[in-house]
Amino acid sequence: MCESKPDWTPSSWRTKPFAQAVAYPDDAKLEQVLAKIKSLPPLVTPSEIERLREQVAAVQRDEAFLLHAGDCAESFDACTHANLTSKLGLILSVSLILIWGGRLPIVRVGRIAGQYAKPRSSPTELVDVDGVKKEVPSFRGDNVNGLDPAERTPDPERLLAAYFHSAATLNYLRALLASGFASLDHPRTWSLAHVRSPELRAEFSAITAALSDALDFSRVIGLSPSSASTSPLDEVDFYTSHEGLMLGYEEALTRAFPQGAGSAKINSHQQGGTEKQKQKEKQEQEQTDNAEGTPSHAYNTSAHFLWIGDRTRQLRGAHVEYFRGLRNPVGVKVGPSMGGAEIVELLDILNPDKEPGRVTLITRYGAGKVAEHLPTHIRAVRASGHPVAWVCDPMHGNTQTTPAGIKTRHFGTILAELTASFRIHAECGQRLQGVSLEFTGELNEEGFSVTECLGGSMGLREEQLSLRYQTFCDPRLNFEQSLDLAFAVSDYLRK
Ligand code: PEP
Ligand code: MN
C-alpha cells in the first residue's frame, strides 16, 4: 500500500488500543457498510491534498496564515442550502479580514463536509425524557447515533449517510466557489446583511472596498491577471477537514495513489498566482499524473486535512498508528496533559523524516494555562528540529457551564488565550501561524444569529443564551462575534 512505510497498512491500527471506541451491536453489518464505502469514489483528490501540504509548508515558513474554522460538529439536518452558504460566507469574511490585517495569504480549512463524530468524556449522559432524567449512551455525532435519546444505539448505516452528506456538502461548496461566490462583489451576500452592529458593518465594508480598489489598481498596472472577469478572489482555495475519529470509515476512504495523482484541483485560480505559474503547475501536474514508477502514498480521500483529538493522541494507540501512514497534512490537538518529551515522540512517529507541510500543532490549553504550557512545548519542538505549523485553538480549553447548566464560552476568555498565544510565540522568537475556531454563520428563520457564547461587541449576557442556543455540541461564536475576533486577530497580524 505504502512503499515508504512497509510496516504500515490502512488497517494496521486495528491491532492497537482504541480510545473512544464505538460498540456496534452487529460487527458483520458494520463491515458490510465499510465495504460499500470502500467501493465509493474519493471525496477529494491527491493533487488537492498535495497542494494543501505545500500551503501548510508556507504557513510553517510564516508566508501564509492558517484559518481552521467551522462547527464543533455538523449535523445531517444542517446540510441545507442556507446553512452551507452562510458557513462558507463567514469563513470567507473572516479570511478577508485576516488578509487585510496580515497582508498574507490565508489558507482556509473548514471543519466541514465530514465533521460529524465527537469524542465524549463519558460513555453515558443524563438526558431529560418527558421531564424525567434518564441515563442513556452519550450522543457521539450524527455518523454514530442520534441526538434523540431513543436513537442512541450506534447504527453503521449512519457512516454511509455521513459519506453522502459529506459529498453533498462538498459538491455545493465547490459549485459555489466555481461560480464566483468568493468574488469581492459578493461580501454583501455572505450574510453580512444580518450583522446588526453598524460599526462592524462599516468596518467590514471599508475593508472590502479598499481590497477591491487595491485589486483594480494592481490589475491596471499589470501585477495581477488582466482578465476583466476574474479577480484573484473569484475562486479561492478552500479545504475540508474533520477529526479522524472513526477509523473504520477513514480506512475505507484511504487509497493508494502515485504522489499527487488525481483530477483537477479544487480551483484553478490561486490567490495572486500569475498565468505563468499556473501553466507551470499544470505541466507539473500532467507529468505527475503520467509518471510511471512514482512511489505511491496512502491518501485519506475523505478530507484534505484530518486531526487527532486531544483524547485520542496516545503514542501507542490506534489513532496515532493510523495517522502515521497518511500522506495528508495532519493536525494534532495539544492540551495541558501533553508532556514536552511526549510531543517530540509524537512528532517522531507522525513525521519521522521531518517533512515540511505535514504536521500542524493545534494548542488548546485554556486562557489560565497557556502561559504554563506553551513555552515548554515551543522549546521542546524547536530543539527537536521538527517543522510544524503553530495554531491556537482558543475554544476547547475555555468551555464553562453557567449556574443554569448551559455550556458556554466567554468571548473575553477566548480572546485572552489567543492574545497570550500571540505574545508567547513572539517572546520565543517565532510567530503564531494560525487559529482554529468554532463558529457558525447559521441564522434562525427570522435571520438572527445563534446565542451560544457570551460577550463580544454585542455584549451577549448569560440570560440571553437560551434565546437561540442551537448547537448540539460545543458553543460556537456567532457571525458578529466571529467578525469581532477576526478584527482582533487582524490587528495582531498587522503589528
Ligand atoms: C474539537 O476540536 O471539536 C475537539 C473535540 O477538540 P479537542 O480534541 O481539542 O478537545
Ligand atoms: Mn468542539
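What to note about this one:
- Qualifying residue in the range 105-113 (condition: free of Cβ contacts under 8 Å to residues at least 24 places away in the same chain and over 18 Å from Glu438 (Cβ atoms)): no
- Figure legend. Inter-residue proximity from the range 52-80: first residues on the phi > 0 side of the Ramachandran plot, second residues part of a helix (DSSP H, G or I), beta-carbon distance below 7 Å, spacing 6+ or different chains. Indicated pairs: Gly70/Lys87.
- Residue that is nearest to Pro25 (Cα to Cα) [pool: residues in the range 162-179 that are surrounded by 17 or more Cβ atoms within 10 Å (Cβ to Cβ) and of a type in the set (A, V, I, L, M, F, W, C)]: Ala162
- Residues within the range 393-421 that are of a type in the set (S, T, N, Q) and more than 15 Å from ligand 1 (Cβ to nearest atom), tallied: 5
- Search result, residues across the range 153-185 that are polar (S, T, N, Q), free of Cβ contacts under 8 Å to residues at least 12 places away in the same chain and closer than 24 Å to Lys118 by Cα: Asn171
- The set of residues in the range 451-471 that are free of Cβ contacts under 8 Å to residues at least 60 places away in the same chain and farther than 18 Å from Pro394 by Cβ comprises Thr451, Gly459, Arg461, Glu463, Gln464, Leu467, Arg468, Gln470.
- Applying a threshold of 6 Å to beta carbon distances and a minimum spacing of six or more residues, or different chains, the list of pairs starting in the range 472-485 at a residue that is farther than 19 Å from Ala73 by Cβ and ending at one that is part of a loop (DSSP other than H, G, I, E, B) and of a type in the set (Val, Ile, Thr) reads Glu480/Val195.
- Residues in the range 438-487 that are within 25 Å of Ile99 (Cα to Cα) and surrounded by fewer than 18 Cβ atoms within 10 Å (Cβ to Cβ): Ser457 alone.
- Out of Gly385, Gly397, Gly412, Gly405, sole residue that is among the small types (Gly, Ala, Ser) and within 16 Å of ligand 2 (Cβ to nearest atom): Gly397
- Residue that is nearest to Leu432 (Cα to Cα), among those in the range 466-481 that are assigned to a loop (DSSP other than H, G, I, E, B) and of a type in the set (Ser, Thr, Tyr): Thr471
- Residues in the range 424-442 that are more than 16 Å from ligand 1 (Cβ to nearest atom) and over 11 Å from Glu480 (Cβ atoms): 11 in all.
- In the range 440-449, the qualifying residues are those that are of a type outside the set (Gly, Ala, Ser) and under 18 Å from the mean Cα position of the chain (by Cα), and the one that is modelled with the lowest pLDDT is Glu442.
- Unmet requirement for Val320, which otherwise passes all of (1) surrounded by 24 or more Cβ atoms within 10 Å (Cβ to Cβ); (2) assigned to a helix (DSSP H, G or I); (3) touching a strand residue (DSSP E or B) at 6+ places or on another chain (Cβ under 8 Å): (1)
- Members of the range 359-404 found to be of a type in the set (S, T, N, Q) and out of contact with any Cys (no Cβ under 9 Å at 6 or more places or on another chain), listed by number: Thr360, Thr376, Ser384, Asn398, Thr399, Gln400, Thr401, Thr402
- Condition met for Arg51 (within 25 Å of Gly141 (Cβ to Cβ), buried (at least 19 other Cβ atoms within 10 Å of the Cβ) and modelled with pLDDT of 95 or more): no
- Residue satisfying all of: in the range 57-111; among the hydrophobic types (A, V, I, L, M, F, W, C), more than 16 Å from ligand 1 (Cβ to nearest atom) and assigned to a strand (DSSP E or B); surrounded by the fewest Cβ atoms within 10 Å (Cβ to Cβ) among these: Ile106
- Unique match (being in contact with an Asp or Glu (Cβ under 8 Å, 6 or more places away or on another chain) and either modelled with pLDDT of 95 or more or surrounded by 14 or more Cβ atoms within 10 Å (Cβ to Cβ) (or both)) among Ala367, Ala341, Ala371, Ala426: Ala367
- In the range 164-221, the qualifying residues are those that are within 20 Å of Ser241 (Cα to Cα) and of a type in the set (Gly, Ala, Ser), and the one that is modelled with the lowest pLDDT is Ala182.
- Any hit, the range 450-465, residues being under 19 Å from the mean Cα position of the chain (by Cα), closer than 27 Å to Phe139 by Cα and in a loop (DSSP other than H, G, I, E, B): no
- Taken over the range 33-69, residues that are touching a helix residue (DSSP H, G or I) at 6+ places or on another chain (Cβ under 7 Å), more than 26 Å from Leu247 (Cβ to Cβ) and not small (Gly, Ala, Ser) amount to 2.
- So Asp484, is it part of a loop (DSSP other than H, G, I, E, B) and within 23 Å of the chain's Cα centre (by Cα): no
- For first residues located in the range 376-399 and of a type in the set (S, T, N, Q), partners that are surrounded by fewer than 24 Cβ atoms within 10 Å (Cβ to Cβ) and lie 6+ apart or on another chain with Cβ distances below 7 Å form the pairs Thr376/Gly340; Ser384/Val344; Ser384/Leu347; Asn398/Gly366; Asn398/Ala367; Asn398/Thr413; Thr399/Lys407; Thr399/Asp474.
The values are calculated or read from the model by the stated rules, or taken from the named source; none is laboratory data. Everything numeric in this text was worked out from a predicted model, so none of it was measured. Because the Cβ atoms are built from the backbone with ideal geometry, glycine has one as well, and the counts that use them run over all protein chains shown.
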